[in-house]
Each structure stands twice: as structure tokens, then as C-alpha cells.
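Here the structure comes first, spelled out in C-alpha cells, and everything after it is commentary.
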């Protein structure tokens, strides 16, 4: 991954405690952002196992946040709120204090009044097994990979 990021402004922030859980990875990244980017207004959290997250999804999250004034823009798929999600600066301290075994979902659910949702049906796909990979591959082969038609914002 480092090679892929060489000619970008992205930073690769290693988490030496990754085995402790997702919360430790979120804390590591957000703390790095707090320490090095005083001008950062928001952060987008996403994982590498959601194959249909692309630049358009991130752009929609950012645009929705800029136009809504909400602190959190979360993806909705299969009756759940989750990532990818954007959190504005007012959320940084809470994210930087997440327990080791907690992702952002509990935090999102605790702030429902502060959330704008983005309908992202393809967000349901994550790849944890060979069968998940085959399902995602089949979707790509049928041309159902276009997230454009599936992204809608709702209050």
C-alpha cells in the first residue's frame, strides 16, 4: 500500500496495536490527525473490505456534510448505519477515545440527531470470506457495481 500512496498527499499511519481491535486503529488515525492537522475539519472513516466504496461515495459524504451542517454523515444499508462515514472536528475527541473493541457504529447510534444519512446499498458488501469475494465479483460482472444510482441523502 505504501507504494500506491507515494505520489499522493495521503499518509500511511501504522497501528502497532492493531490486534487490540478496530477502536485502536481508529484512535491511532484520529490522534495522528489531531496532532498533525490543526486545520482538518473532518475525517472519513472507511475500511478496505468494502469493495464498492469509491471516490464518488467519499465525494457524496463530503458534499452532504458541507451542505447539511450535520456533525456526522453516515452510510445506511440493510437497515443499519455505518461506514463509510464522515465525522466533523467536533467528533474527533470521542473517536480518539473509542475502546479497543469498538468501531464507530456505537458512536454513530448515540448521536442520531446529529446525523445525515447517505443511502449506500452497496455498502452491505464486505469481503471477509472467499464466498463474500465471489458475491462481490459476481456483482461486478453483472454491471451492478455502479454506486451512483444507489446513493441518496436523507435527513
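Normalised by the number of residues in segment 3-79, what is the relative contact order in percent for Cα pairs under 8 Å and 6+ residues apart?
Numbers: 24 pairs, mean separation 10.5, N = 77.
Across segment 3-79, relative contact order equals 14 percent.
Post the alpha-carbon centroid distance, segment 116-133 to segment 1-61, in whole angstrom.
Taking the Cα centre of segment 1-61 as reference, the centre of segment 116-133 is 18 Å away.
Could you give the nm distance between label points at residue 141 and residue 40, where each point is 7 Å from its Cα heading toward the beta carbon?
Label at residue 141, label at residue 40, 4.0 nm between them.
Using label points projected 7 Å from each Cα along Cα→Cβ, tell me how many nm separate residue 13 and residue 79, to one decimal.
About 3.5 nm, to one decimal.
Nearest 5 is fine: what % of DSSP beta bridges in the chain come out antiparallel, could you say?
The antiparallel proportion sits near 75 percent.
Which residue, 116, 81, 12, tops the fluctuation ranking in a GNM of the chain built on C-alpha contacts under 10 Å?
In this elastic network of the chain, the residue with the biggest mean-square fluctuation among 116, 81, 12 is 12.
Rank 131, 71, 40 by mean-square fluctuation in a GNM of the chain with C-alpha springs under 10 angstrom and give only the top-ranked residue.
131
Just want to confirm a number: the relative contact order over the chain, from Cα pairs under 8 angstrom separated by 6+ residues, in percent.
Normalised by residue count, the contact order of the chain is 27 percent.
Springs between alpha-carbon atoms under 10 Å, Gaussian network over the chain: tell me which of 28, 36, 117 tops the mean-square fluctuations.
With Cα springs under 10 Å in the chain, the top fluctuation among 28, 36, 117 is at 36.
Quick note: the coordinates plus some simple rules give every number you see, no bench work behind them. From a predicted model like this one, the values you see are computed outputs, not experimental measurements. When we count neighbours, we look across all protein chains shown, and the Cβ atoms used for this are built from the backbone with ideal geometry, even at glycine.
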